[in-house]
Amino acid sequence: MRAIGSHHSAAAQSTTWLTPPHILDALGGWQSFDLDPCAAPEPRPWPTARRMNALADGDGLMLEWDGRVLLNPPYTSAEIGRWLEKLADHGCGTALVFARTETDAMHRFIWQRASGLLFLRGRLHFHFADGRRAKANAGAPSVLCAYGQDDMDRLAASELDGAFVPLRLARFVLIPGLSQSWAEAMRDWLARQSGPVSVSDAYRFFARHPKARANPNWRAKVRQKLAEVGDRVARDRYQPRLV
């Protein structure tokens, strides 16, 4: 079994291929992932999760998956569905696969069960086992598939070049979000938080808000309204303003 993120190229070579580090960084860094069940074999030029299972160490499908999962599944048609099904059942993590939207696995375990997608612009350049970037691209476009609200929020706020497609929109995004002012939307969001929030928290939330999609300068608007309707309690931390 070969995985595009660690063991497989578009030309089906036997060389090990590593996920580009900028993808990991954009999704929160390797420390934000609890498990990579299809990690590259050691030695690795960089980690991909707190817990890494190389295919040579045992079948990652047999592991108990805990926490947030980074999945670069084997790309053979006979295997990819099993991995995506397990991530869909687990419900917390992000998968990197080719954007082959017509396949059975894509329909059953991504379109029907993922929370959100980011279709990456262009074709990725993966890396050799020693960390060098491959000159040739992967040979096909890629898509990041988020499972769970947190991973969908991270994907929406990642700033990776591509098109974000939410598949599981919250009710408040579909209805009140269409008519609220920025201040009202920010005030309502702050009121639902259990404690102080950061600007990054606000970015992740509002990245998929209808107002953000209609405003190319939405990040500046988020900073402005957060300071306007919230009280600063620490560096980059705000809570609802007491009236």
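The values are calculated or read from the model by the stated rules, or taken from the named source; none is laboratory data. Note that the structure is predicted; figures quoted are calculated from it, not measured. Cβ placement follows ideal geometry from the backbone for every residue including glycine, while neighbour counts extend to all protein chains displayed.
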| task | Could you list, in sequence order, all residues of region 120-137 that are within 30 Å of Ala212 (Cβ to Cβ) and surrounded by 21 or more Cβ atoms within 10 Å (Cβ to Cβ)? | result | Leu124
| note | Expected output for region 90-107 (first residue in contact (Cβ under 8 Å) with a residue 24 or more places away in the chain and closer than 12 Å to Ser142 by Cα, partner surrounded by fewer than 19 Cβ atoms within 10 Å (Cβ to Cβ) and of a type in the set (A, V, I, L, M, F, W, C), Cβ below 7 Å, 6+ apart or cross-chain) is Phe98/Ala140; Ala99/Phe119
| said: Could you go through region 14-22 and let me know if any residue there is modelled with pLDDT of 90 or more, farther than 25 Å from Asp89 by Cβ and surrounded by 17 or more Cβ atoms within 10 Å (Cβ to Cβ). | reply: no
| note | When Trp65 is run through (1) assigned to a loop (DSSP other than H, G, I, E, B); (2) at pLDDT below 90; (3) surrounded by fewer than 22 Cβ atoms within 10 Å (Cβ to Cβ), the failure sits at (2)
| task | Could you name every one of the helices (runs of 4 or more DSSP H) located completely within region 198-243 that has at least 2 residues being exposed (fewer than 13 other Cβ atoms within 10 Å of the Cβ)? | result | 218-229
